[in-house]
1. Looking at this structure, is LEU22 hydrophobic (A, V, I, L, M, F, W, C) and more than 21 Å from ILE76 (Cα to Cα)?
2. Can you spot a residue in region 48-69 that is farther than 27 Å from GLN9 by Cβ, open to solvent by less than 90 Å² (accessible area, probe 1.4 Å) and assigned to a helix (DSSP H, G or I)?
3. Considering region 1-24 alone, what residues qualify as being assigned to a helix (DSSP H, G or I) and surrounded by 10 or more Cβ atoms within 10 Å (Cβ to Cβ)?
4. All but one of (1) among the aromatic types (Phe, Trp, Tyr); (2) within 14 Å of the chain's Cα centre (by Cα); (3) open to solvent by 100 Å² or more (accessible area, probe 1.4 Å) hold for TYR77, so report the exception by its number.
5. State whether the residues of region 25-45 include one that is open to solvent by 100 Å² or more (accessible area, probe 1.4 Å) and of a type in the set (Phe, Trp, Tyr).
6. Of the numbered conditions (1) surrounded by 12 or more Cβ atoms within 10 Å (Cβ to Cβ); (2) in contact with a helix residue (DSSP H, G or I) (Cβ under 8 Å, 6 or more places away or on another chain); (3) assigned to a helix (DSSP H, G or I), THR72 satisfies every one except a single condition; which is it?
Amino acid sequence: MPLFELAVQEYGKDIFAFYYDLPFEETLQRHATKPNREDFSEQDMRRWWKEKDFIDIIPEKTITEDLSVSDTVDMIYNLVS
């Protein structure tokens, strides 16, 4: 059973899911700062990239490029508390 279908079966639709709605170039820049940046290439990422690939079976909160880390943490904290 696919992961998100299993999550819905186990917990219902009242679960927290977040979608990073970032441009591909921003994704590349962020990937370059990660410790595992050598594990896969830009070409791999281009092959995997799917614009706006939202999950239809659970509600997702969108995190956009303009949200700071602090704003993102605040948004998540306010949802779960």
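1. In short, no.
2. No - not one qualifying residue is present in region 48-69.
3. Result: PHE4, GLU5, LEU6, ALA7, VAL8, TYR11, PHE24.
4. Of (1) among the aromatic types (Phe, Trp, Tyr); (2) within 14 Å of the chain's Cα centre (by Cα); (3) open to solvent by 100 Å² or more (accessible area, probe 1.4 Å), only one is false for TYR77: (2).
5. No, every residue in region 25-45 fails to be open to solvent by 100 Å² or more (accessible area, probe 1.4 Å) and of a type in the set (Phe, Trp, Tyr).
6. (2)
The values are calculated or read from the model by the stated rules, or taken from the named source; none is laboratory data. Being a predicted model, the structure only gives us computed values, none of them experimental. Heads up, the Cβs are rebuilt from the backbone with ideal geometry, glycines too, and the neighbour counts pull from every protein chain shown. For accessibility, only protein heavy atoms count, side chains too; no ligands or nucleic acids. Shrake-Rupley method; radii C 1.70, N 1.55, O 1.52, S 1.80 Å.
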